Amino acid sequence: MTTATDPSLAACWRLIRDILDFPKPGIVFKDITPLLADGPCFRVVVDHIAEHCERSGWKPDVLACPEARGFIFGAALAYRLGVGFVPIRKPDKLPHDKARVDYALEYGSDAVEMHRDAVRPGQKVILVDDLLATGGTIGACARLLEDCGAQLLGGVFLLELMALGGRARLAPLPVYALLPVD
């Protein structure tokens with residue numbers, strides 16, 4: 001995996017700041033907004049992720065991305081790879097015929113939805129998000145796409161919080177994180 005020791009990425013990693021106790025006590029939130037505001041660094045991270053997809057031999061038809069920060073990286077990466085973009089939304093945000101997957105949270109439940117016609121059976125898809133933590137949301141996104149007949153090639157992320165085990169939840173799907181965080 002690429003690490004912060006890569007000279008082209010070192011300045012970018014310094015832009016990611018930790019916000020303590022957000023959104024609730026005990027959580028250390030990884031704030032990527034300073035990185036997004038820096039055009040050269042945003043380009044560097046999108047290019048690195050795109051290069052990984054190309055080196056892996058992944059040839060997606062579309063990228064599928066959960067809201068909200070997944071949209072930011074997914075749209076830029078889809079443009080860079082020359083493929084389509086499929087938004088995966090929280091419930092009741094899409095106007096057309098929807099597919100839905102419900103999933104459990106630590107306290108409660110949630111759901112993700114996408115238009116049923118957003119992917120065709122057999123289409124090759126890469127999942128994209130800014131952060132892989134426990135894998136709950138992205139795992140639900142993977143199930144949603146598979147239920148619609150998509151062929152998942154892998155998942156790519158800017159950051160991965162290794163201690164939370166999200167990668168195992170997505171197995172056997174190949175996972176790449178530009179910056180794994182211990």
*asked:* Name the residue that is surrounded by the fewest Cβ atoms within 10 Å (Cβ to Cβ), counting only residues in region 75-88 that are among the small types (Gly, Ala, Ser) and farther than 15 Å from LEU153 by Cα.
replied: GLY82
*Quick one: would you say LEU159 is under 12 Å from the mean Cα position of the chain (by Cα) and closer than 18 Å to PHE29 by Cβ?*
yes
*Yes or no: PHE29 assigned to a helix (DSSP H, G or I) and within 20 Å of the chain's Cα centre (by Cα)?*
no
*Could you tell me whether any residue of region 158-166 is within 20 Å of ALA111 (Cβ to Cβ), touching a strand residue (DSSP E or B) at 6+ places or on another chain (Cβ under 9 Å) and either surrounded by fewer than 20 Cβ atoms within 10 Å (Cβ to Cβ) or not hydroxyl-bearing (Ser, Thr, Tyr) (or both)?*
yes
*Spot the failing condition for LEU63; the list is (1) crowded, with 21+ Cβ neighbours inside 10 Å; (2) in a loop (DSSP other than H, G, I, E, B), and only one is missed.*
(2)
_Can you say whether GLY122 is without any contact (Cβ under 8 Å) to a residue 40 or more places away in the chain and surrounded by fewer than 14 Cβ atoms within 10 Å (Cβ to Cβ), as far as the supplied structure shows?_
yes
*Quick check: is even one residue across region 20-27 modelled with pLDDT under 95, under 19 Å from CYS141 (Cα atoms) and not β-branched (Val, Ile, Thr)?*
no
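The values are calculated or read from the model by the stated rules, or taken from the named source; none is laboratory data. As the structure is a computational prediction, the values presented were derived from the model and not from experiment. Positions of Cβ are backbone-derived with ideal geometry, glycine not excepted, and every protein chain shown enters the neighbour counts.
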